[in-house]
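Student: The structure's right below; bear with me while I get my questions together.
Read the figures in this text as sums done on the coordinates, not as results from a lab. It should be emphasised that the depicted structure is a prediction, and the values quoted were computed from it without experimental measurement. All Cβ positions, glycine included, derive from the backbone under ideal geometry; neighbour counts span all protein chains shown.
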Amino acid sequence: MKKIVCICNEMHFMEFILSKARVLRVLSVRLAPDALCSDEAVIAIEKYPRASPDAQVIFFGTESANM
């Protein structure tokens, strides 16, 4: 997922993907330059229940506006 700002819809979408994708291995999240994600939001995402025991959430730094 690219240019994530951590608004409610995006958070629910990540929670949905993690809870339903039984063969998911990696959910890559790249934050937007104007991301609203706090440390608490990142911790909450890490704690979302996962359908796949192998699923990992990997956060990358912000993506530049021209990408």
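Student: Among the residues of the range 16-39 satisfying the criterion of being outside any loop (DSSP other than H, G, I, E, B) and more than 19 Å from residue 60 (Cβ to Cβ), which is farthest from the chain's Cα centre (by Cα)?
Tutor: Only one residue fits best here, namely 20.
Student: If only one of 47, 2, 20 is in contact with a strand residue (DSSP E or B) (Cβ under 6 Å, 6 or more places away or on another chain) and of a type in the set (D, E, K, R), which one is it?
Tutor: Residue meeting the stated conditions: 2.
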